[in-house]
Each structure stands twice: as structure tokens, then as C-alpha cells.
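One structure is given here, and the rest of the page talks about it.
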Amino acid sequence: MDTLGSLRRTHTCSQLGADNVDQEVILTGWVLRRRDHGGVIFIDLRDRWGITQIVFNPEYNAAVHAKAHQLRSEWVLAVRGTVFRRPPDMENPKLQTGAIEVLVSELRILNASETPPFPIDEYMEVSDNLRLQYRYLDLRRPEMANNLVLRHRAVQAVRSFLNDNGFLEIETPMLTRSTPEGARDYLVPSRVNPGRFYALPQSPQLFKQLLMIAGMDRYYQIVKCFRDEDLRADRQPEFTQIDMELSFVDEEDIITISEGMIRAVFRETLGIDPAPPFHRMSYDEAMRRFGTDRPDTRFGLELVDLTEVLGGCTFNVFKTTIDNGGIIKAINARGCAGFSRKDLDDLTDYAARFGARGMAWIKIRENEWQSPITKFFSDQEIDSMREALAAEPGDLILFGADREAVVNQVLSELRLELARRLQLIPADTYDFLWITDFPLVEYDSAEKRYAALHHPFTAPQENGGDIPAGDPARLRSRAYDLVLNGNEIGGGSIRIHQKDMQEKIFALLGIGPEEAREKFGFLLRALELGAPPHGGIAFGVDRLMMILTGSSSIRDVIAFPKTQKATCPLTDAPAPVERKQLTELSLRPDWKE
RNA sequence: GGGGUCGUAGUUCAGUUGGUUAGAACGCCGGCCUGUCACGCCGGAGGUCGCGAGUUCGAGUCUCGUCGGCCCCGCCA
């Protein structure tokens, strides 16, 4: 084994080209592959930046060539050599450095490597568990390394943009207090305060509001947030937000700043310029047309409400649904009348995953509406449906009939599934959409109370002063979400900055004066001491990077992510602790060891 | 808490109605090879079929349980 000594690389493995011919260079990196011809040996040397072919020729340097025979995958090298132009027919257009190669005159083996447990190339899919167990090997793969590079560039673009716009980057505590509402907290026991617990922040929400009250005016932070809920392909227990808050602003200011920031990110990463202003749509319109508050507007297949049209129909399922206060909506799947029985069964099964108890359909033929349920509709009802859906021969109509929430969820998911199957979603399209005018609260039937749709500090729109008169569900909030290709990538609101209003909202949410004082007393007090009007927004970095890199899982843009059971196969966290540690924390275990 | 799916060589996978000695490719080891670039040719090693029960003359294959990966519902203000 050799030492690095005073050898320092002169170039990375992506830098050398025709301009460097005849130069003596020093490269460092890992052995990606060796091609040993008995005589000449070729090694693809890899570092974070790229790949360069290095050559060992016995006629040029017999001793170095002999030494190179032992090289194996993932050995760590430093080499000194001369850049040679490759003969024209031996250039490798697949390599950035493919015009040249480096003929090695000095080889230092800095470390050997056992045969890696999986190949460090893009040609074989490796199981997630193995990848996470050897994440440091997984991250050597250019695809993964490039994801981290792109993430770095995105975050730097954010910092640069916000710095240029008068923002201060300020850190907020990771050890804070648990608050009601929202997700389950990760708790941290306090050693010096037995029986008391910190919570890891679900977001820095209250601290950033306090920073506004402190007069910081414009704050941002690229910050970890923690939520102890079950994982998904786009959800990790710890995730990163671009969190910001501004004083003396309204919705338009936040939207403008956000659009500028997103634009900077896209320019610096993909080289794409998504020119503001982005489209906007009210929550009500999104729910009506797409059945979701984060519609993917890259394709059609919109939902059409047929409740009125079919109010008098004799089809018992529809009639009963409407009589019980439910709704009927439909999607016109254009040109899909040729779907087989199996296609329709598959779609019905898919719909069932989201709560559908069935899925009625009609195939529009030249001469008839082909369906088991056509006979229940009058000519007038058929005409009305034809008009509402713009139905033409060759189309397929899919129905949802249930409570409004169920119909919307089922049909919005069905819409996405149809678009995937019919390949209606254009690639490399980035469709931004602001959703505005959210409801302030929604009724939680399980808890039998109203819950904040966004969070309890979101300001109501102007008539909010009338609370609790009238139907709380009709109140709109000053919240906004940014949706990109059907993914919620950011959300925020103008906050309540007056104590009276905050107390009213707490009351509406069933948080009594006593609980409010105990849990949010510090906020209410701060609101009494000169709180400026303020608002903000937070963007999910991981989800944004998922879209920018085209990844199918959030794990591919996080250096060390967790499995779906929230474990880390690399460190084996979470792990048992010494009994003494628990004792110090005044915790007594009651689980089986 | 629930549903689905997968688990076989280092890796990715195949393995027929339950039936002889569990295969392939890549990788690995050895040999040959001076222009390859996912080099090539020849040879070789490598398996508690996730784990545990059960059914059976016989289980990689069937049943039950269990552990783990992934996807989803619930959950995620």
C-alpha cells in the first residue's frame, strides 16, 4: 500500500480533453473497471466528477504495468501520467473525457477494496435494503451522486436568491415543545426535568412568526422537520423544508418571491426558465374539476358533476346516493370505448383501493350507449350527459357515486391512472399551479370538531371577524399551495397577527382559553407586543428534488434515508439503549427485552 | 391498524401438476490475450432456497406462522 504523500490531483476525472494533450497530470479516484489485455491494461478511473481511462503499457513502463495487474474494483488510486490523444477511431463518445487517455508513469495504490457486495454501475437494479446498508457504495453510482450534486445546486440557488432579496438565514431550535394538532411528534425526554419532554419540530412555524415579531422582517432557513407518521414513497420521517417568513406583506408578495425563487432553482439546475406568473386556481375549482387540491394539469380527463342531471334517474345506486346527500361525477375517457372487460375490472379494482364500492361505465358506440345501466336513463338524461361530457362515439364514461369526498378521491386517482395508462402525461413538462382560497377549517368527524386545514395560525379572509357566526366550513383562509405536476411542493399563508383573532380561531378549533394559554401563551403574549402583519411559505426540498431528478422515490434524493419501517439499515437505527440511559431519563421500560 | 407484492449463488433472476445432483447471466478466482471501453476466449469455485412449524414416501414448489424490502389505504394541521 502506498501513501498519498505530497501527490495532489491536478484535474478531476471529468476535466481532461484534447486541450490537455502532452500535459503531465495527476488523477485520483476509484477503479470502476479494468480491461486487462495481458499486455496493455485499461482502467476506468472514477471520481465524483466523471470517468477517465488510464492506460498501463509494459513497453512504456514495465514496473508500473506489473504493479497494475493486481488492481481490482473500487481500489483507490493516485496516478501520474501523460495525456494522450486517442486515435480517431478509438475515441469513446460516451465519455466526457473520451477524446483522451492518460498513460501512467507512476501508480500509487492508496487502498485496496474487497469485492463490493453489488456492482457500482447503472446496469443492474440492486435491492433497496442492500443499497441502504451500503449507502456509501450506492452513492458512488453516478446517478445517485448526480442527484446530490443537483440538490446542492438547488439549495445554493435558493440561498443566493433569498440573500439577494433581503432575507436572513436564522436557525431555530430542534429541541422544542410538543404542540397539539398536526402530526405525531418525535419526543425527546429531558434528563434534568424528569417527566418532561421536548419534541422535534414538525416545522419551525411558531419560531419564524416570533422572528417576525422580533423585527427580523425576512427570514429563511433550510431546515429539517420531523413527523412521526407512516412512510410513503414521497414521505420520510425527517425531511427538509425551505422555510421562509416575511413581514408587512400580503399573499401577492409571498407568491411573487416564491415564483422568483422557484425560477432561480429551475434555471440553476435544469437550465429551464419557468416564467412567472404561474397559473392560479381556487380550491373550490380544483376540487370541482379535478377532485383534489393538487391537480395535475398537464392533461385533461376532468371531472364532470352529473348530480343535477341525474337527480331524477331510476338507477337505484345513483338515486340512493343522491337521496342521501351524495354526488355523481364522471370522467370522459376519450377514445376508450374499446376497453375490455378486464380493463374495466382492473380500473374498478383500482378505484376500490380508494373507497369506491363499484364503478359504473358506459361505452359510447355509434348507435348506442353500451352499458348495463343505460336502460335506467331517459333520452333526456342521456342527452344531458352527452352535452355535459361532450361525449362522442368511441368514448368511455366512468362514474363515481358516493359521498362527495369519496367521489372526488376515487375519480381523481382514477384520472391519474387513466392518464398513465393512456400515456397522456407529457414528459419534461413542468406545470406550476397556485391553489388559493382554501377553507379555513374542515369538520373532523372522528374528533367531532373543526380542525385547521392548514394550521391554527392561518389568517381567515376578511369576514373572519364574524366567527363563529354562520357555518365555519364556509370560511376561506389566506392560505396558498404551490402545485407542480400534481405534487404539492409548497404551502403557506398570511398569519394571524392580532391576539383577538388568534383567540377566536383557537376557540373555533375547540382549543379552550386555558389550553390556549398553557400551550400557546407565549405566542398570544407576543401578539400583544407589537406583532407586524406577516406571512410565509415552506417548500419541500425532497419532493422538489424528486421532480427535478425524475426520481420515483424521495429516498433517491436523500443521502441517508430510512426504510418504510423508519429504520436505517446502515447504522441499524433505531437501536436499544443501555438501561442506565433510561434510568437517567427517569424512564421505566415496560416492553420485552 | 389494514391490503397487495417480493424474498433462491456475491448481484439480478429462472425454476413446469410436489419427484434424480437447484440453473442462467453478471461478478469472483485461475489461465491466455498489446487497443479495449459493460473487452474477448478457456477453465473453476460458489446455495441453511429469509426463518420456524405443518401436510407428504418426498417441499425451493402446498398450508400456517414469523421476519424483512417495496407499493398502497388509514395516518401525514
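The values are calculated or read from the model by the stated rules, or taken from the named source; none is laboratory data. Note that the coordinates shown come from a computational prediction; the quantities given were computed from them, not determined experimentally. For neighbour counting, all protein chains shown are included, and Cβ atoms are generated from backbone atoms with ideal geometry for every residue, glycine included.
Mind checking which residues of the range A:187-209 are surrounded by fewer than 18 Cβ atoms within 10 Å (Cβ to Cβ) and either within 20 Å of the chain's Cα centre (by Cα) or within 25 Å of A:Arg517 (Cα to Cα) (or both)? Once the filter is applied, which keeps residues that are surrounded by fewer than 18 Cβ atoms within 10 Å (Cβ to Cβ) and either within 20 Å of the chain's Cα centre (by Cα) or within 25 Å of A:Arg517 (Cα to Cα) (or both), the range A:187-209 yields A:Leu187, A:Val188, A:Pro189, A:Ser190, A:Val192, A:Asn193, A:Pro194, A:Gly195, A:Arg196, A:Phe197. For the range A:192-288, the strands (runs of 3 or more DSSP E) that sit wholly inside it and include 1 or more residues that are farther than 30 Å from A:Pro589 by Cβ are A:218-226, A:238-247, A:279-282.
Are any of the residues in the range A:281-293 more than 19 Å from A:Phe354 (Cα to Cα) and among the basic types (Lys, Arg)? No - not one qualifying residue is present in the range A:281-293. The helices (runs of 4 or more DSSP H) found entirely in the range A:338-421 that carry 3 or more residues being within 16 Å of RNA strand B (Cβ to nearest atom) are A:341-352, A:404-421. Of everything in the range A:78-99 that is part of a strand (DSSP E or B) and either at pLDDT below 95 or more than 9 Å from RNA strand B (Cβ to nearest atom) (or both), the residue that is surrounded by the fewest Cβ atoms within 10 Å (Cβ to Cβ) is A:Arg85. Checking A:Ile322, A:Ile331 one by one, the residue that is more than 30 Å from A:Ile254 (Cα to Cα), surrounded by 18 or more Cβ atoms within 10 Å (Cβ to Cβ) and over 31 Å from the mean Cα position of the chain (by Cα) is A:Ile322 and no other.
Table: residues versus (1) over 24 Å from the mean Cα position of the chain (by Cα); (2) part of a helix (DSSP H, G or I); (3) modelled with pLDDT of 95 or more.
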{"residue": "A:Asn463", "(1), (2), (3)": "yes, yes, no"}
{"residue": "A:Gly470", "(1), (2), (3)": "yes, no, no"}
{"residue": "A:Ile494", "(1), (2), (3)": "no, no, yes"}
{"residue": "A:His497", "(1), (2), (3)": "yes, no, yes"}
{"residue": "A:Asp500", "(1), (2), (3)": "yes, yes, no"}
{"residue": "A:Glu503", "(1), (2), (3)": "yes, yes, no"}
{"residue": "A:Phe506", "(1), (2), (3)": "yes, yes, no"}
{"residue": "A:Ile511", "(1), (2), (3)": "yes, no, no"}
{"residue": "A:Glu515", "(1), (2), (3)": "yes, yes, no"}
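For the condition more than 12 Å from RNA strand B (Cβ to nearest atom), without any contact (Cβ under 8 Å) to a residue 40 or more places away in the chain and within 30 Å of A:Asp22 (Cβ to Cβ), A:Ala66 qualifies.
Residues that are more than 6 Å from RNA strand B (Cβ to nearest atom), over 21 Å from the mean Cα position of the chain (by Cα) and not polar (S, T, N, Q) were ranked within the range A:120-141; the one that is nearest to A:Ala573 (Cα to Cα) is A:Tyr134. Being more than 23 Å from the chain's Cα centre (by Cα), in a helix (DSSP H, G or I), surrounded by 13 or more Cβ atoms within 10 Å (Cβ to Cβ) and among the small types (Gly, Ala, Ser) is a condition met by no residue of the range A:527-549. Looking at A:Gly521, is it on the phi > 0 side of the Ramachandran plot and more than 26 Å from the chain's Cα centre (by Cα)? No.
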